[in-house]
Amino acid sequence: MYCDPEYIVNDTYVEREITYVHPIIRVNKKHIVNVPKHVYKKVTKNVVIDPGIPDECDDCDKHEKKHKKHHHSKGEEW
């Protein structure tokens, strides 16, 4: 006659990796900052001041006082 068997259990454990993904997102941000840059445009202007043609010689009055008037004949130039 046989009796029910008696079990002697020897438990051992073996590791098994289970992968759990934890996403990490690294964000590099570049912020634009407005910085004023002042630029000066140089312009050179050449201006000619024309006094116009005089009506008479400024020194004529001085010459008349210093010198006698010379009378020339017709067709003769100074």
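Read the figures in this text as sums done on the coordinates, not as results from a lab. Because the structure is predicted, anything quoted here is derived from the model rather than measured. Virtual Cβ from ideal backbone geometry, glycine too; neighbours counted across all protein chains shown.
Once the Cα-Cα distance is subtracted from the 0.36 nm per residue extended length, the ASP4 to GLU56 segment shows a gain of 3.5 nm. Model label points for ASN46 and ILE32, set 7 angstrom from Cα along the Cα-to-Cβ axis, are 4.4 nm apart.
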